[in-house]
Amino acid sequence: MEQIRRIGVLTGGGDCPGLNAVIRAVVKTAINDYGWEVIGIEDGFEGLILPDKTRELHINDVRGILPQGGTILGTTNRANPFAYVTRKKDGRIVTRDVSGEVVQRIHELHLDALIVIGGDGSLKIGYEFYQKGVPIVGIPKTIDNDISCTDVTFGFDTALDTATQAIDKLHTTAESHHRIMIVEVMGRDAGWLALEAGLAGGADVILIPEIPFDLYKVDEKIERRDREGRRFSIIVVAEGTRPAGGEQVYQSSKDPTAPRRLGGIGQWAAGELSKMCDHEIRVTVLGHVQRGGSPSSFDRILGTRFGSAAARLVAEGRFGEMVSLRGECIGAVSLADAVSQLKTVPLDSDLIRTALSLGICLG
């Protein structure tokens, strides 16, 4: 293997708390332990497509960013180099494969390795570039906690705490007004956030993508609580959840270049439930609040460990791998395995059994 002198780092996909902790650890480990130059690539893979979107990162550039949310490098989920969408002057939408241009740009920047910090989508793109011969190391991040081969991703703990606090606050107004409160949280195909926030917040109903729900079962739970004198209910629903026999609910968009966005299942459920029961129903969509804010101590530490471990993988020439957490230990797995399938909630998991034992309705 040729000697490493200069590496690149980028953050792709949706932002989440802990990204800056990772960037800081990559930069500090690369410089302190190995004397490398570190090039920060702005706005995900778009920084390798458009000009003037890279900059060298020094120790001073990452001082003070540990507690900051978001990412100092910026990010986007619209810049897949293998299917790059642009709008022509005449209004036509064109999709092109610019991956070859990106590989050339990596060579022009004299990058000996590229660290990709991202979720399932960004890591899949990273793996495709690895297959094209680019030395790639991956770092998993997502508040959905849906990446395989790691026990947890950084960003999840902070989002979980945010969702739990919101549920706690909604409890008091729900009980005071005898209302049904529906809390819609993120979770496209995996219900980790909804399930754990619901458990932590004492929800009465939790609806997750892994279990298509029957609203009649939900209504039965609400009526049973009414008979017990509990004239309010808290329902936590993941945005990607769907009714049995139905489809996921997407937001409408006037931008044809924008990716489809989930959202609205909470309002749909409220409308249908209002036909079944006499309670007032209110819907709270936490949305991007879950992505923001200062990372928890857990996410700061995990992000720091991941960033430092990724730099060590580069030093060892272990490309095509992703750092991961197993138990208390940081290790590495192949990117191919990590992106082969999403990590969803097993129906026989302890979390599911616990929820059922507590009397929580799962739809």
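Going through region 229-243 one residue at a time, which ones are in contact (Cβ under 8 Å) with a residue 40 or more places away in the chain and part of a loop (DSSP other than H, G, I, E, B)?
Within region 229-243, ARG231, PHE232, GLU239, GLY240, THR241 meet the criteria.
If you scan region 73-92, which residues turn out to be small (Gly, Ala, Ser) and in contact with a Phe, Trp or Tyr (Cβ under 9 Å, 6 or more places away or on another chain)? Explain how you work it out, then say what you get.
In the first step, residues of region 73-92 are kept if they are small (Gly, Ala, Ser); the result is 74, 79, 83, 91.
Selection gives ALA79 alone.
Within region 1-37, restricting attention to residues that are more than 17 Å from GLY70 (Cα to Cα) and acidic (Asp, Glu), which residue is modelled with the lowest pLDDT?
GLU2
Within region 32-52, take every residue that is of a type in the set (D, E, K, R) and within 20 Å of the chain's Cα centre (by Cα) and give me the one that is nearest to SER99 (Cα to Cα). Spell out how you get there, then give the answer.
In the first step, residues of region 32-52 are kept if they are of a type in the set (D, E, K, R); the result is 33, 37, 42-43, 46, 52.
Within this subset, residues satisfying the condition of being within 20 Å of the chain's Cα centre (by Cα) are 42-43, 46.
Working: GLU42: 17, ASP43: 16, GLU46: 11 Å.
This residue is GLU46.
Within region 163-187, take every residue that is surrounded by fewer than 20 Cβ atoms within 10 Å (Cβ to Cβ) and among the acidic types (Asp, Glu) and give me the one that is farthest from ARG227 (Cα to Cα).
Top of the filtered list is ASP168.
Looking at ARG242, ARG326, which is the one that is basic (Lys, Arg), in the same structural domain as SER148 (by TED's automatic domain parsing) and surrounded by fewer than 19 Cβ atoms within 10 Å (Cβ to Cβ)? Show your work before the answer.
On the way: ARG242 fails: in the same structural domain as SER148 (by TED's automatic domain parsing).
Checking each option against the conditions leaves just ARG326.
For the subset of region 38-90 comprising residues that are in contact with a strand residue (DSSP E or B) (Cβ under 9 Å, 6 or more places away or on another chain) and aromatic (Phe, Trp, Tyr), which member is modelled with the highest pLDDT?
Of everything passing the filter in region 38-90, PHE45 is modelled with the highest pLDDT.
The values are calculated or read from the model by the stated rules, or taken from the named source; none is laboratory data. These figures come from a predicted structure and were not determined experimentally. Here the Cβ is made from the backbone with ideal geometry for all residues, glycine too, and neighbour counts use every protein chain on show.
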